[in-house]
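**Student:** Quick one: the structure is below, questions incoming.
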Amino acid sequence: MTERATLKIWRGLDVKAGRWEVHDVPFEPGQSVLDGLRWIRVNRDPTLAIRFSCINANACKECMIELDGKTVYACTARLEPREMTLTPLSNKNLVRDLVTEIAPPAERFTQS
Amino acid sequence: MPLEPMRAETDVLVIGSGAAGMYAAIEAARAGCSVLLADRSLIGRGGATVMAQMTVAVALGSQTPDHWSHHYQDTLTAGRGLCNEPLARLLCEDGPDCIREMEEWGIGWARKDGRIVQAMAPGHDRPRCVYVDFLNTGPAVSKTLRTAVNKTSGIRKAGDLCVVDLLRKNNEIVGAAALHLGSGAPVVLSAKATIIATGGLTRLYRRNSASANMGGDGYALALRAGASLVDMEFVQFFPIGHLAPRLIGMDPIMWDPFRYKLGGRLLNNRMEEFTQNYGVAEDGKYIITRDVGSYAIQKEVEAGRGSPHGGVYLSFQHVPEADLRAAFGPVIDRLAANGIDLTKMPIEVAPIAHYHMGGIAADVEMQSDSPGLFAAGEAVGGANGANRLSGNAITEALVFGRRAGRSAAAYAKRMNAMPDKADNTRAALELISASSNRDLNTADMVQTLQAAMQDDVGALRNEAGLRRALDQIDRLTQEFGELPPGDGKGFDMRRIDWFDLRNMLLVARVVAQAALARTETRGAQQREDYPQLSPDWEFNQFAGMHDGRVVLSKASTPARAAAS
């Protein structure tokens, strides 16, 4: 039983100069938003930037994004058969697309 | 002309911040060295440690009398004659000490009547595995070590650093060149000693139980820098990875702890138990080892007795709901949120890539055969032979991490000054700064590689399949080209994929070649065309790079003789 979600995704390198991209994503009920983003990378556009590590377990806590304006983990938010708006965390510095700088300052590389 | 790189200097560089890397960093800093702890992901969040669900094997004897020598015997038996015995002994002998230190750091191992609980796990002669409830062992290990790292002075942390190549001065390792993921800039890390703690290679497979950054990068770094790898054909498949229904927010190896505590029944699509037909009658208990379990499940599927999604069933329907709740409390609610009621339905499970027995060849000081290069944790090959005993992975991460930190610190202290400039800095920086306009779908290439490895270099192997996989690896390597795609700014995904693929393709080739060369079945190497264990193959295989090619060699003496 395949359903379809419409993912409206903010993309860009500069908060002030972004663009929206819309992808129609097939899914089986139960699949996650991260499953949908990974599907887009393989099947539509490998340049889409998303930070994740554990994929599925909600262990790494790296895949935080905003879904319809609310902070979620992309790996536990489920795909739904509707338009879903995905944006980077608005309270963190943007890196690219859905990726933000979420590491604590003491865990970022600095020159010595 | 490469971009001007960012630079850092340190006594000890640790690549990878799972349990092994963090323990190594703490130990090297305690010895008085400056440490840079770098990770491809965020510190202490990626990798395998955080994914561990339950068991940590250690001869504490807190409930049942035990001694490290019993744990050692079980480890050697599981390893099917190929364990590097000094490494296996170190794992078992130093395990209790590290587990107690973790307790002092506040991990909170599960206790009953004041004593640390030790659970029974397949392959052990007595209850030996400590854990943190509920399915929280890995996150607790990571958190405890992160806190300990933060309390140790002398450790700098740097996440989002993708190490591209080790730096060499003659044959000595003097640091690493990296891509800073956040900015896209190249980085030169100069170090007196370098520890690879990057974990295993399970990302090479379509079905796996690990993080996205487990593409075998440490093996590739070591190989390209001139170090040897050992036992690369032995990839452990975890027999009962979750397959269906779709389950999110949980790790796919979660059924292991369920089986430890509750037994459970493995069933084919006739709803009949089948493991007795493969020599292991379970009778509701969890006793089947990982290699036999994976084999039995794949054979049932091949015979047309598999479940709808291509695995078998695992059932806890005979377990009263009160017992399920007592054993796994909050996890039962998380399952319910996924529409899974274990009292009413079985779930589907199948073998998934879980752990790598092979890795960087190292001695008991964790020194590789390249001076200045050390390894720790799963990145080290040999301790577990042809098949790892359940519960040994976290123990090995802690023990080998601590030892690597100590050895690397001693090595660094013997050097009075920072090493001279490396021979290959310029080449590495040029690669990191290069860009091509080719329209590569790197995400699809990763998936294609994973499919080839799963189908043909998986839990069951034969010559035709292994040759098919090597052909696919050749094709992908050709498509891959010489230069990374992308714009070179921050988090350029195709560029990151490309540097990952550079490692993955090399390591996949080593695994497939080693599996093809070993014409026998032993532990995790299951050859359909050579179904018997052969006494002629009681040897370890080493892999090295010569003139850009992977070259395999058999150890000159059998494993047991080599170790004695």
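The values are calculated or read from the model by the stated rules, or taken from the named source; none is laboratory data. These numbers come from a predicted model, not from an experiment. Positions of Cβ are generated from backbone atoms using ideal geometry, with glycine treated the same way; all protein chains shown enter the neighbour counts. For accessibility, only protein heavy atoms count, side chains too; no ligands or nucleic acids. Shrake-Rupley method; radii C 1.70, N 1.55, O 1.52, S 1.80 Å.
**Student:** Which one of these does B:Asp231 not meet: (1) crowded, with 24+ Cβ neighbours inside 10 Å; (2) at negative phi?
**Tutor:** Just one mismatch for B:Asp231, condition (2).
**Student:** Let me ask something else. What is the number of the single condition among (1) more than 20 Å from B:Lys261 (Cα to Cα); (2) open to solvent by 30 Å² or more (accessible area, probe 1.4 Å); (3) within 14 Å of chain A (Cβ to nearest Cβ) that B:Ala336 does not meet?
**Tutor:** (1)
**Student:** Let me ask another. Restricting attention to the stretch A:39-58, does a residue exist that is within 26 Å of B:Ala48 (Cβ to Cβ) and more than 9 Å from chain B (Cβ to nearest Cβ)?
**Tutor:** yes
**Student:** Can you name the condition, by its number, that B:Ser556 falls short on among (1) modelled with pLDDT under 95; (2) of a type outside the set (Val, Ile, Thr); (3) within 26 Å of the chain's Cα centre (by Cα)?
**Tutor:** B:Ser556 satisfies every listed condition except (3).
**Student:** Looking at B:Leu324, B:Leu335, B:Leu389 in this structure, which one is touching a His at 6+ places or on another chain (Cβ under 8 Å) and either modelled with pLDDT under 95 or not in a loop (DSSP other than H, G, I, E, B) (or both)?
**Tutor:** B:Leu389
**Student:** Same structure again: Among the listed residues A:Ser32, A:Ser53, identify the single one that is touching a residue at least 40 places away in the same chain (Cβ under 8 Å) and out of contact with any Pro (no Cβ under 9 Å at 6 or more places or on another chain).
**Tutor:** A:Ser32
**Student:** If you check B:Arg290 against the conditions, is it among the charged types (D, E, K, R) and under 30 Å from B:Val507 (Cα atoms)?
**Tutor:** yes
**Student:** Right, something else. Being buried (at least 23 other Cβ atoms within 10 Å of the Cβ) and more than 25 Å from B:Tyr219 (Cα to Cα) narrows it down to one residue among B:Val50, B:Val12, B:Val35, B:Val58; which is it?
**Tutor:** Testing whether each residue is buried (at least 23 other Cβ atoms within 10 Å of the Cβ) and more than 25 Å from B:Tyr219 (Cα to Cα) leaves just B:Val58.
**Student:** Further question: Looking at the stretch B:353-368 only, could you name the residues that are open to solvent by 10 Å² or more (accessible area, probe 1.4 Å) and modelled with pLDDT under 95?
**Tutor:** B:His354
**Student:** Of all residues in the stretch B:190-238, which are more than 14 Å from every other protein chain (Cβ to nearest Cβ), small (Gly, Ala, Ser) and within 11 Å of the chain's Cα centre (by Cα)?
**Tutor:** The answer is B:Ala197, B:Gly200, B:Gly216, B:Gly218.
**Student:** Answer with yes or no whether B:Ala464 is out of contact with any helix residue (DSSP H, G or I) (no Cβ under 7 Å at 6 or more places or on another chain), open to solvent by 50 Å² or more (accessible area, probe 1.4 Å) and closer than 22 Å to B:Ser294 by Cα.
**Tutor:** Yes.
**Student:** To continue, here is another question. Determine whether B:Thr477 is in a helix (DSSP H, G or I) and open to solvent by 10 Å² or more (accessible area, probe 1.4 Å).
**Tutor:** Here the answer is yes, as B:Thr477 does meet what is asked.
**Student:** Pick from the stretch B:461-487 the residues that are within 14 Å of another protein chain (Cβ to nearest Cβ) and under 27 Å from the mean Cα position of the chain (by Cα): which of them is nearest to B:Val511 (Cα to Cα)?
**Tutor:** Checking each candidate, the answer is B:Phe480.
**Student:** Here's a check for you: in the stretch A:59-90, which residue that is assigned to a strand (DSSP E or B) and open to solvent by less than 40 Å² (accessible area, probe 1.4 Å) is nearest to the other protein chains (Cβ to nearest Cβ)?
**Tutor:** If we take residues in the stretch A:59-90 being assigned to a strand (DSSP E or B) and open to solvent by less than 40 Å² (accessible area, probe 1.4 Å), then A:Val72 is nearest to the other protein chains (Cβ to nearest Cβ).
**Student:** Give the residues of the stretch B:139-163 that are surrounded by fewer than 24 Cβ atoms within 10 Å (Cβ to Cβ), more than 9 Å from chain A (Cβ to nearest Cβ) and assigned to a helix (DSSP H, G or I), sorted by residue number.
**Tutor:** B:Ala140, B:Lys143, B:Thr144, B:Arg146, B:Thr147, B:Ala148, B:Val149, B:Lys151, listed by residue number.
**Student:** Please go through the stretch B:521-543 and pick out each residue that is surrounded by fewer than 18 Cβ atoms within 10 Å (Cβ to Cβ) and of a type outside the set (S, T, N, Q).
**Tutor:** Listed by number, the residues that qualify are B:Glu528, B:Asp529, B:Pro531, B:Leu533, B:Pro535, B:Asp536.
**Student:** Here's another thing I want to ask about it. Given the conditions (1) in contact with a Lys or Arg (Cβ under 8 Å, 6 or more places away or on another chain); (2) aromatic (Phe, Trp, Tyr); (3) closer than 23 Å to A:Cys63 by Cβ, report the number of the one that B:Phe237 does not fulfil.
**Tutor:** (3)
**Student:** Take the residues of the stretch A:7-17 that are part of a loop (DSSP other than H, G, I, E, B) and touching a residue at least 12 places away in the same chain (Cβ under 8 Å): which is nearest to the other protein chains (Cβ to nearest Cβ)?
**Tutor:** Restricting to residues being part of a loop (DSSP other than H, G, I, E, B) and touching a residue at least 12 places away in the same chain (Cβ under 8 Å), the top hit is A:Leu13.
**Student:** Step by step: first the residues of the stretch B:488-504, then only those that are assigned to a loop (DSSP other than H, G, I, E, B) and facing chain A (nearest Cβ under 9 Å), then the one that is surrounded by the fewest Cβ atoms within 10 Å (Cβ to Cβ). Which residue is that?
**Tutor:** Only one residue fits best here, namely B:Lys489.
**Student:** For the stretch B:164-183, which residues satisfy the criterion of being within 13 Å of chain A (Cβ to nearest Cβ), in contact with an Asp or Glu (Cβ under 8 Å, 6 or more places away or on another chain) and open to solvent by 10 Å² or more (accessible area, probe 1.4 Å)?
**Tutor:** The answer is B:His180, B:Gly182.
**Student:** Determine if the stretch A:18-38 includes at least one residue that is more than 7 Å from every other protein chain (Cβ to nearest Cβ), over 20 Å from B:Leu181 (Cα atoms), surrounded by fewer than 18 Cβ atoms within 10 Å (Cβ to Cβ) and at pLDDT below 95.
**Tutor:** Checked the stretch A:18-38: at least one residue is more than 7 Å from every other protein chain (Cβ to nearest Cβ), over 20 Å from B:Leu181 (Cα atoms), surrounded by fewer than 18 Cβ atoms within 10 Å (Cβ to Cβ) and at pLDDT below 95.
**Student:** Let me ask something else. Looking at the stretch B:202-245, which of its residues are closer than 21 Å to B:Ala543 by Cβ and charged (D, E, K, R)?
**Tutor:** Within the stretch B:202-245, B:Arg203, B:Asp217, B:Arg224, B:Asp231, B:Glu233 qualify.
**Student:** Working carefully through the options B:Val457, B:Val446, find the one that is within 14 Å of chain A (Cβ to nearest Cβ), within 25 Å of the chain's Cα centre (by Cα) and open to solvent by less than 30 Å² (accessible area, probe 1.4 Å).
**Tutor:** B:Val446
**Student:** Right, next: If the requirement is being among the aliphatic types (A, V, I, L, M) and more than 30 Å from the chain's Cα centre (by Cα), which of these qualifies: B:Ala327, B:Ala303?
**Tutor:** B:Ala303
**Student:** Hey, could you check the stretch B:249-265 for residues that are open to solvent by less than 10 Å² (accessible area, probe 1.4 Å) and aliphatic (A, V, I, L, M) and say which is nearest to the chain's Cα centre (by Cα)?
**Tutor:** In this case the residue turns out to be B:Met254.
**Student:** When the stretch B:424-443 is examined, which residues are found to be at pLDDT 95 or above, in a loop (DSSP other than H, G, I, E, B) and away from chain A (no Cβ under 14 Å)?
**Tutor:** B:Asn424
**Student:** Within the stretch B:385-400, take every residue that is touching a helix residue (DSSP H, G or I) at 6+ places or on another chain (Cβ under 6 Å) and of a type in the set (S, T, N, Q) and give me the one that is surrounded by the most Cβ atoms within 10 Å (Cβ to Cβ).
**Tutor:** Within the stretch B:385-400, the match that is surrounded by the most Cβ atoms within 10 Å (Cβ to Cβ) is B:Thr395.
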